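Q: Starting off with a structure, shown below.
What follows draws every value from the coordinates through simple rules; no lab data is involved. Only a predicted model underlies this, so the values are computations on that prediction, with no experimental measurement involved. In this analysis, Cβ positions are derived from the backbone assuming ideal geometry, glycine residues included, and neighbour counts consider all displayed protein chains.
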Amino acid sequence: MFDRDTEWDEIVRFARVPRSGAALGVVSGRRRLGKSFMLDALVRASGGFMFSAPEAVEADALRQYGAALGTHLGEPTPLRFDNWDEAITRTMTLAPAGPLPVVIDEFPFLARASPALPSIIQRALDPAGQRSNTQVRLLLCGSALSFMGGLLSGTAPLRGRAGLELVVRTEAGPVVLGGYPVRVASGVVNDPAAHTQHEVDVAAFGRDEQGREELLAIGEAKWNETVGVSHLQRLERICALLRSRDGIHSDRCRLLLFSGAGFTSELLATAQSDPSIQLVDLDRLYAPS
Ligand SMILES: Nc1ncnc2c1ncn2[C@@H]1O[C@H](COP(=O)(O)OP(=O)(O)OP(=O)(O)O)[C@@H](O)[C@H]1O
Ligand SMILES: [Mg+2]
């Protein structure tokens, strides 16, 4: 068994909390980490509906969706939808009596064949669309990480819409961090000399030999940007600020740069000769440790 207690609790809470109208959740993570397994268990436990999208053209995918939904509803014949607008509108009526999970697994296949699908779902979740919605907890799942991350970011139609955004992962381990983390945080570091503040996406703390808390690493994550030397310099500045503070042991602080879009060759060359700089792409982030 993979230990997925934390993720399971989050998913169950999202799927079960009664609140009028539909809600959107996005579940992503590298392949073979148990996403489908977990969502299938959720749907079985609550009598929900799960559709695993085929890698097919739009008409075929819609036909299969209508057939699966018909079966779920105990209809004698498949439901027929002319377009995804109709299919999503119907889907949003599936939970009149209380919250019910509806999972679309392998969502990137559908969105590739029907690029308008994210904005169709967005419209269904708009206040006007919500009036005819029931308590559907729509969970979109996929392992194409840059796609799933991009779904909710930047100018994407679904940005800010998700009530749950769950990345199933194998945590970065001691090799990346240079120690065993006991606490991971994020926050803001003041930079009085420059009259500014720096946001820190990830700060991992461990314990040194004396048992004192020690800053193992700070990191920055970018889904859609190529990460370069300027990102590294920002982390170096933050690290220097933290080092100058009393009470934080950070002599061995590593700098972690996460990217969904890759790194510049200059940064790759710099990192190669310096083990305190760790570049983590999606494969490394989600690789089984
Ligand atoms: N908690 C678990 N305990 C035991 N076995 C599990 C667990 N989760 C998943 N598995 C098994 O691990 C394998 C991969 O799981 P699953 O297919 O759910 O992963 P996934 O994240 O959906 O992968 P993909 O991205 O390829 O669809 C399956 O054979 C599944 O039965
Ligand atoms: Mg799966």
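Q: May I ask what percent, to the nearest 5, of DSSP beta bridges between residues of the stretch 174-286 are antiparallel?
A: DSSP beta bridges in the stretch 174-286 are roughly 50 percent antiparallel.
Q: While we're here: Normalise the Debye intensity by I(0) for the stretch 170-249, one equal point scatterer per Cα, no solvent, then take log10 at q = 0.18, 0.19, 0.21, 0.22 Å⁻¹ and round to two decimals.
A: So the normalised log intensities are -0.82, -0.91, -1.08, -1.16.
Q: Quick one: grab Rg to one decimal and Dmax as a whole number for the stretch 60-100, Cα atoms only, in Å.
A: Taking only Cα atoms of the stretch 60-100, I get Rg and Dmax of 10.3, 31 Å.
Q: Beyond 16 Å, what percent of the Cα pairs of the stretch 74-143 remain?
A: On the way: 1256 of 2415 pairs.
Value for the stretch 74-143: 52 percent of Cα pairs lie more than 16 Å apart.
Q: When you take every Cα atom in the stretch 5-167, what is the radius of gyration, and what is Dmax, the widest Cα pair distance, in Å?
A: In Å, with Rg to one decimal and Dmax whole: 14.5, 43.
Q: Okay, next question. Full-extension gain between Ala193 and Ser52, please, as 0.36 nm times their residue separation minus the C-alpha to C-alpha distance.
A: The Ala193-Ser52 span can extend by a further 45.4 nm.
Q: For the stretch 88-209, state the average projected area of the convex hull of the C-alpha atoms over all orientations, rounded to one decimal in nm². Walk me through the numbers before you get to the answer.
A: Numbers: hull surface 48.2 nm².
That works out to 12.1 nm².
Q: Hey, how much of the P(r) for the chain falls beyond 37 Å, as a percent of Cα pairs?
A: So the portion of pairs separated by more than 37 Å is 26 percent.
Q: By per-residue mean of other Cβ atoms within 10 Å, what is the highest-first order of 265-275, 148-158?
A: Ranked from most to least packed, the peptides come out as 148-158, 265-275.
Q: Ok, one more. Report, in debye and to the nearest 20, how large the dipole of the chain comes out about its Cα centre when Lys and Arg carry +1 and Asp and Glu carry -1 on their Cβ. Show your work: numbers first, answer last.
A: On the way: 30 positive and 34 negative charges, 117 e Å.
For the chain, the charge dipole is close to 560 debye.
Q: How many percent of all Cα-Cα pairs in the stretch 1-101 sit more than 23 Å apart?
A: Counting every Cα pair in the stretch 1-101, those more than 23 Å apart make up 34 percent.
Q: Test of understanding: ordering Trp8, Trp223 by Cβ neighbours within 10 Å, fewest first, what list do you get?
A: Trp8, Trp223
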